[in-house]
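Where a number appears in this text, it was derived from the coordinates with a stated rule and is not lab data. Given the structure is predicted, the values throughout are model-derived calculations rather than measurements. All Cβ positions, glycine included, derive from the backbone under ideal geometry; neighbour counts span all protein chains shown.
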Amino acid sequence: MESDHYVNSHQETKFIHSGQQPDPITGAVVTPISLATTFAQRGPGGLYSTYEYSRTGNPTREAFEKNLAAAEGGKYGVAFASGCAATNVLMALYGPGDHIVTSDDVYGGTRRLFSKYSAPKQNIEYSFVNTSDLGALEAAFKENTKLLWIETPTNPTLKITDIEAACKIAHNHNCLVAVDNTFASPYCQSPMALGADIVVHSVTKYIGGHTDVVMGVVITSNEDVYKQLKFFQNTLGGVPAPFDCYNALKGMKTLHLRMKAHSKNALKVAQFLETHSMVTKVIYPGLVSHPQHNIAKKQMRLFSGMITFYIKGGLETSRVFLSSTKLFICAESLGAVECLMEHPALMTHASVSSEVRAELGISDSLIRLSIGVEHIDDIIEDLRYALAKAQESLEKVVDDDDDNACGGLFG
Ligand code: P1T
């Protein structure tokens with residue numbers, strides 16, 4: 001759906017108002033949840049022509065689609081029942097003989113979709129490359145490359161790709177660029193302003209923001225891509241429920257407030273972790289120590305709320321840490337108001353082969369944090385406690401080893 005007259009407003013204003021206006025009949029300020037499955041084609045006053053059938057078009061969904069199109073600076077938004085459904089429908093635009101270049105470190109479910117479904121079933125060829133390395137990216141293009149898929153920051157190792165530079169390379173090869181903007185959110189990063197043709201979101205994350213909606217969306221200004229997406233939305237049928245669209249719209253109204261709080265807390269947590277003896281490495285785009293910090297600074301308004309770190313020890317220490325927090329909840333997903341944490345190797349990226357995980361640095365010591373908007377002191381206290389527990393367990397393992405050793409450390 002085409003974006004509306006808030007197109008020249010600031011992000012915050014667009015998030016709150018785009019795609020919505022008071023209901024013409026009741027004056028209701030909030031977009032109603034329109035549950036009707038079908039719409040009368042003829043009424044007493046004449047023809048009603050806007051909607052036909054709710055899979056094809058729904059007023060609540062359309063408000064959300066317009067809102068997201070405006071938020072990302074695109075013309076059209078097309079919503080789906082999940083982030084994976086949105087990615088899948090975009091892949092439906094391609095087929096046998098087409099080649100797609102993709103970031104190597106993408107959400108495990110995206111990698112599974114590409115390598116275990118689209119590649120074997122649609123005969124699409126994928127090259128997984130480190131898109132942060134522009135030389136490697138340039139070398140990956142072929143005659144038949146149709147799409148560059150970038151995830152930045154990546155899930156889970158938070159690699160940053162220079163979106164503007166990557167778009168220039170791809171466009172030189174007559175190739176479209178899609179950016180999965182889930183980890184940044186439309187507030188922290190605007191890929192279309194940097195040249196991207198398509199933006200994809202798992203709405204389930206920062207946009208929803210309250211751990212109560214599973215949804216996805218694709219945004220584009222490309223008329224041809226939009227027409228195909230609309231066709232596939234109606235034909236394949238993976239549409240979101242009106243209630244979910246309402247929830248996601250509600251999430252958009254506070255997105256900027258939440259992203260500021262997530263980003264502020266995350267920087268403090270990252271700085272705390274960097275000083276902790278149980279942490280061997282912290283990855284956060286807002287830290288000067290991040291290898292692509294300068295690119296992140298150039299293309300992100302704020303650095304968002306995702307942190308990954310390597311804990312001293314192995315799987316057992318990770319397990320102790322993950323079971324010792326009181327505030328952080330060990331659960332998949334991210335971008336919520338509450339602090340979440342997870343173990344990518346055993347959870348979100350378990351479907352990725354162990355060889356690929358090893359290449360990407362997704363080891364048993366890697367822990368991913370989604371920093372919430374609780375009070376920073378409570379967040380840090382919780383981490384301090386769980387890290388102390390992990391340290392105790394590590395020292396115990398060393399002691400136990402000593403008990404079993406013949407002659408001790410120097411013996
Ligand atoms: O879960 P779903 O709404 O289908 O979105 C898939 C998806 C797409 N892109 C990115 C970058 C994602 O992180 C996800 C989902 N990720 C998780 C569930 C997770 O915990 O990482």
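Things worth noting here:
- Secondary structure note: in the chain, about 55% of the DSSP beta bridges are antiparallel.
- Here the spin labels are modelled as points 7 Å beyond Cα on the Cα-Cβ line, and at ASP23 and TYR385 they lie 4.5 nm apart.
- Angle between the chain longest axis and helix 376-404 axis [Cα atoms, degrees, rounded to 10]: 40
- The chain - percent relative contact order, Cα under 8 Å, separation 6 or more: 16
- When the chain is treated as a Gaussian network with alpha carbon springs shorter than 10 Å, the biggest mean-square fluctuation among SER18, SER354, SER185 belongs to SER354.
- Folded to 0 to 90 degrees: helix 223-236 orientation relative to the chain principal axis, Cα: 80
- Most mobile listed residue (PHE232, PHE303, PHE15) in the chain, GNM with C-alpha springs under 10 Å: PHE232
- Highest-fluctuation residue, GLY216, GLY45, GLY372 considered, GNM on the chain with Cα pairs under 10 Å: GLY45
- Where both bridge residues fall in region 257-402, DSSP classifies roughly 85% of the beta bridges as antiparallel.
- Residues of region 166-187 with an amide N closer than 20 Å to a point placed 7 Å from the Cα of GLU138 along the Cα-to-Cβ direction: 166-177.
- Region 233-306 and region 207-231 have Cα centres lying 19 Å from one another.
- Per the Debye formula on identical point scatterers at the alpha carbon atoms of region 3-253, with no solvent, log10 I(q)/I(0) at q = 0.07, 0.09 Å⁻¹ is -0.24, -0.39.
- Region 86-171, relative contact order in percent, only Cα pairs under 8 angstrom and at least six apart counted: 35
- Using a simple spin-label model with pseudo-atoms 7 Å out from Cα toward Cβ, HIS293 and VAL30 lie 4.3 nm apart.
- Tail beyond 21 Å, pair distance distribution of region 1-107 (Cα, percent): 52
- Rounded FRET efficiency, nearest 0.05, which uses the C-beta distance separating LYS116 from VAL397 and R0 of 41 Å: 0.65
- Förster-model FRET efficiency, 45 Å R0, VAL7 and GLU359, C-beta, rounded to 0.05: 0.60
- For region 257-402, the fraction of C-alpha pairs farther apart than 26 angstrom is 23 percent.
- Between 0 and 90°, nearest 10: helix 255-274 axis offset from the chain longest Cα axis: 10
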